[in-house]
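Working notes for the structure below.
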Amino acid sequence: MDLWYLVAFGGGLVVFFGTHLFSAFRRRDGEGLIRWIGVGPYKGIYSVLTLAGFAALVWGYGNLKPWIYLADPPTWVRHLTMALMLPAIILIVAAYAPTGFIKKAVKHPMLVAVKLWAFAHLLVNWDVGSLILFGSFLAFGVIDRIALKGRGDIGAAAAEPNVLGDLIALAVGAALYALLLYELHRIITGVGLLG
């Protein structure tokens, strides 16, 4: 049965990041797949593949534990990870909130949040599975940023910011962080953060 989990984890990583890398590097001149099948079908196929890949990698990763541990991280990195997660969650919210100064300064808040999240989790999870999982997300974040720069995508840098976007990002981000810290992380992953 472990083989199926391994296949799900590996296949999920390939499908999830394959779809994201395809969209990061696809041609932007209107030619190619989108023009051939249409925007609606492209988005539908992309969404189904991405969700299927994500579900498979989470299922495989969760069921393959315990992973081989490479070493025990020092205890102080746990505090650094928890500190890094607050701005990561605020940036995730900022990606969907009205444009504020945070979104304008960061340009691509979701991408920065994913890199922060992955780096923070690599700091405290020194096992083979976590290295593969979080390392893949971090590597993708770096590659996607390079792709965005290559095509001149400046994200929200040119947008007119308003304070409302920042207030929403800070308030909702802090509330989500508290929920994760006190209960939600344990419910989602089985790992409690406090106590």
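The values are calculated or read from the model by the stated rules, or taken from the named source; none is laboratory data. Keep in mind the model is a prediction, meaning the values are calculated, not measured. Reconstructed Cβ throughout: ideal geometry from the backbone, glycine too, with neighbour counts over all protein chains shown.
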*Can you name the condition, by its number, that ASN125 falls short on among (1) assigned by TED's automatic domain parsing to the domain that holds VAL172; (2) surrounded by fewer than 16 Cβ atoms within 10 Å (Cβ to Cβ); (3) not hydrophobic (A, V, I, L, M, F, W, C)?*
(2)
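Just checking, which of TRP4, TRP67 is over 30 Å from PRO161 (Cα atoms), loosely packed, with under 15 Cβ neighbours inside 10 Å and of a type in the set (Phe, Trp, Tyr)? Working first, answer last.
Values: TRP67 fails: loosely packed, with under 15 Cβ neighbours inside 10 Å.
Selected residue: TRP4, the only one of TRP4, TRP67 that is over 30 Å from PRO161 (Cα atoms), loosely packed, with under 15 Cβ neighbours inside 10 Å and of a type in the set (Phe, Trp, Tyr).
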*So which pairs qualify, if the first residue must be in the range 181-192 and under 17 Å from HIS79 (Cα atoms), the second must be surrounded by 14 or more Cβ atoms within 10 Å (Cβ to Cβ), the Cβ gap must be under 6 Å, and the two must be at least 6 apart or on different chains?*
LEU181/LEU193; HIS185/LEU193; GLY192/ARG186
*Taking the range 61-74, which residues are within 15 Å of ASP2 (Cβ to Cβ) and more than 16 Å from the chain's Cα centre (by Cα)?*
GLY62, ASN63, LEU64, LYS65, PRO66, TRP67, ILE68
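Mind listing just one residue for me: the one in the range 91-108 that is among the β-branched types (Val, Ile, Thr) and closer than 17 Å to GLY141 by Cβ and, of those, surrounded by the fewest Cβ atoms within 10 Å (Cβ to Cβ)?
Taking the range 91-108 and keeping what is among the β-branched types (Val, Ile, Thr), we get 92-93, 99, 102, 106.
Of the ones still in play, those that are also closer than 17 Å to GLY141 by Cβ are 92, 106.
On the way: ILE92: 21, VAL106: 19.
In this case the residue turns out to be VAL106.
Scan GLY165, GLY155, GLY173, GLY135 and give me the residue that is surrounded by 13 or more Cβ atoms within 10 Å (Cβ to Cβ) and within 13 Å of the chain's Cα centre (by Cα). Show your work before the answer.
Details: GLY165 fails: within 13 Å of the chain's Cα centre (by Cα); GLY155 fails: within 13 Å of the chain's Cα centre (by Cα); GLY173 fails: within 13 Å of the chain's Cα centre (by Cα).
Just a single option satisfies the conditions, and that option is GLY135.
Taking into account only those residues within the range 2-60 that are without any contact (Cβ under 8 Å) to a residue 60 or more places away in the chain and outside any helix (DSSP H, G or I), which is nearest to the chain's Cα centre (by Cα)?
Pass one, the range 2-60, residues without any contact (Cβ under 8 Å) to a residue 60 or more places away in the chain: 3-8, 10-12, 14-16, 18-19, 22-23, 26-27, 29-56, 58-60.
Imposing the further condition that a residue be outside any helix (DSSP H, G or I) reduces the set to 26-27, 29-32, 38.
Values: ARG26: 20, ARG27: 23, ASP29: 27, GLY30: 27, GLU31: 29, GLY32: 27, GLY38: 27 Å.
Here the answer is ARG26.
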